[in-house]
Amino acid sequence: MTTPVLCAVPTVTVPTAAVPILGVALPPAQGIFQLGLVTAALVLLGLPLGRFMAAVYAGRPTPLTRLLGPLERGICRLVGADPADEMPWDRYAAATIAFSIVSFLATYALQRMQHLLPLNPAGLPGVSADSSLNTAVSFMTNTNWQGYGGETTMSHGTQLLALTVQNFVSAAVGMAVFAAFVRGFTRANAGTIGNFWVDLVRGVVHVLLPLSTVLAILLVSQGVVQTLAAAREVTLVEPLVAADGSSIATQRIAVGPAASQVAIKQLGTNGGGFFNANSAHPLENPTPLSNLLELIAILLIPAALCFTFGELVGDRRQGWALLAAKGAIFIPFAVFALVAEQAGNPRLAALGVDAAATASQSGGNMEGKEVRFGVADSAVWAVATTAASNGSVNAMHDSFTPLGGLFPMLLMQLGEVIFGGVGSGLYGLVVFALVAVFLAGLMVGRTPEYLGKKIGGFEMKMAVLAILLPCATVLVGTAVAVLAAAGRAGIANPGPHGFSEVLYALSSAANNNGSAFAGLSANTPFYNALLGLAMLVGRFWVMLPVLAIAGSLAAKKHVPAGPGTLPTHTPLFVGLLVAVVIVVGALSFFPALALGPIVEQFELSAAAAGGAR
Amino acid sequence: MMDAIWVAAVILFLVASLGLARAVRHLQSGD
């Protein structure tokens, strides 16, 4: 049986049905098709983009240099940034933090004073202090947790000048730190790792601005709104009757400068949407093609940076190896999530609800999903957005089946290194690679090396800090939230599902993802402060050890590879790296997951079998 | 009042983080 694809490219036809074999639902063919399409696009687009970014961060000319070079030089002159002014790692870190403080203050002030500022056609009041704090921290740290309702809370001015600007610069900060980190491997006997301000400007001007412009235009062509006008009052085709019997003939439809924000929210792995419903909103993600474009945009720069890494370290195989490690986790997780969602809710099946995939419905678990996207595009998006530290949603993750929600949650808990944030995801994965070569070195009794640098005690201490601090933040934060009355008050669904809501929120914040499980009432002073702290730890207490590693490695000499050197571009090393990431994540989070989604899935299965409850 | 508290808390965190980075630098030089 074949039917037109509901998402992806509408003119292509592939079978959609998920045929149960031996009682296990297979992933929908549409989902597998979508995964294949995205993977191909990431390689085809990521390869040239990765090489382009390598040239940008190495200061080499690119095809855009003639056009954008003057803008880069103009901004650098304005802020006093000089490529020749090289920084040691602690000065680079200080510049990062100084910039972050300014970003925070500007974002906070713009929200608090939006009622006094222009571009507020709806006359929205200033945002509350604790919500402003949470949002300012969130956008400064590239988390973009959306504790507010976009169209009902933020003026056009705040969306443009605070949130969209932060989408650009917080992403560029992550990419700058990545560039500095790579210089730790490429330089020898050096005391410096680059100039933060120059890296920041180059990332914005040469990478993020051109890509966002192209994507925004494509999104506008699909119907994403871009206007400074106020909400439109429209007449309903079919008037509604309210509960009191009165007729409702009109509806206010919020509009605004959405396309410009949506483009960078996806490309910069930000995720904070213009509208409250994020990419489930028809004016933020209107068509199957816009869904596909946004999906590719979520993963594009994190994938391309693997090729950038290979180019910069002078061995393209290293970049391919890192991309293979990401794919080796991402693709199975996507398939698992597709299978879990396609299997549907056994309790509904017991009530006679038809959850079978047919030509006229996607079947599976459709609660909280857009009918136009169905199970396949919702599940693939959920895995992509959590693998990539993006956090935008086109379905409500709270309504996923317990196992379907477990995989996105676990992807965040793995440290946002499976694609991860722009820059931050890859430096996080390379930190795991350092742990992997250290483990391999322990096995054979040899000093570990990575890319010609000996890995010593200092690098390992910093690597362990960068890996374990977010884990500890998630677990301790979750414990505090479920023990405190203010934390429990936000839980909408008591029991294991409520625990999952809290665990998801902390996992999202501490790993700078920003997606929400929904269900949890998190716009309260308690959660705004707790999650704000988690975001700060997850961003800066990972970034600082990473820069320390870069500084330490840059000061070391290059060691030529010998017969005992562990090759780090082989399938064996990719397997070791994947194992280290999975084992660290599993050891840290399995007990917590057992209390949430795992026990909830057992409850569902027991109910379906006519057992407990 | 709340504004001052929130802003001071975040700036304090970031400046303290920088202090930690400096401490790490000392650790590194003595490593």
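Averaging over all projection directions, find the projected area of the Cα convex hull of the protein assembly as shown and quote it in nm² with one decimal place.
One quarter of the hull surface, i.e. the mean projection, equals 30.6 nm².
Given a cut-off of under 8 Å on Cα pairs at least six residues apart, what relative contact order in percent is computed for chain A?
Reported relative contact order: 19 percent.
Sorted by packing (mean other beta-carbon atoms within 10 Å per residue), highest first, where do A:339-349, A:353-363 land?
Per-residue Cβ counts within 10 Å, averaged per peptide and sorted highest first, yield A:339-349, A:353-363.
Test of understanding: ordering A:THR401, A:THR385 by Cβ neighbours within 10 Å, fewest first, what list do you get?
With the fewest neighbours first, A:THR401, A:THR385 line up as A:THR401, A:THR385.
When a footprinting reagent is the concern and you count Cβ atoms within 10 Å, what order do A:THR39, A:THR473, A:THR143, A:THR158 take, fewest first?
A:THR39, A:THR473, A:THR158, A:THR143
Below 19 Å Cα-Cα, how many Lys pairs turn up in chain A? Only count pairs eight or more apart in sequence, or on different chains, if you could.
6
Are there GluC sites (Glu not before Pro) in region A:231-312 that DSSP marks as loop and that have at most 16 other Cβ atoms within 10 Å, and which are they?
none
Please give the average number of partner chain Cβ atoms lying within 10 Å of the Cβ of each residue in A:381-391, rounded to a whole number.
Per-residue shielding by partner chains comes out at 0.
Taking a ≥ b ≥ c as the square roots of the Cα gyration tensor eigenvalues, with a/c under 1.5 meaning rounded and otherwise prolate when a/b beats b/c, else oblate, which class fits region A:408-496?
It is prolate, given that a/c is not under 1.5 and a/b is the larger ratio.
Whole angstrom only: what separates the Cα centroid of region A:304-330 from the Cα centroid of region A:406-446?
Cα centres, region A:304-330 to region A:406-446: 13 Å.
With a 10 Å Cβ neighbour count serving as the proxy for reagent exposure, in which order, fewest first, do A:HIS156, B:HIS26 appear?
In order of increasing Cβ crowding within 10 Å: B:HIS26, A:HIS156.
None of the figures in this text is laboratory data; all of them are computed from the coordinates on show. Note that this is a predicted model, so its numbers are computed, not measured. Every residue, glycine as well, gets a Cβ built from its backbone with ideal geometry; the counts of neighbours run over all protein chains shown.
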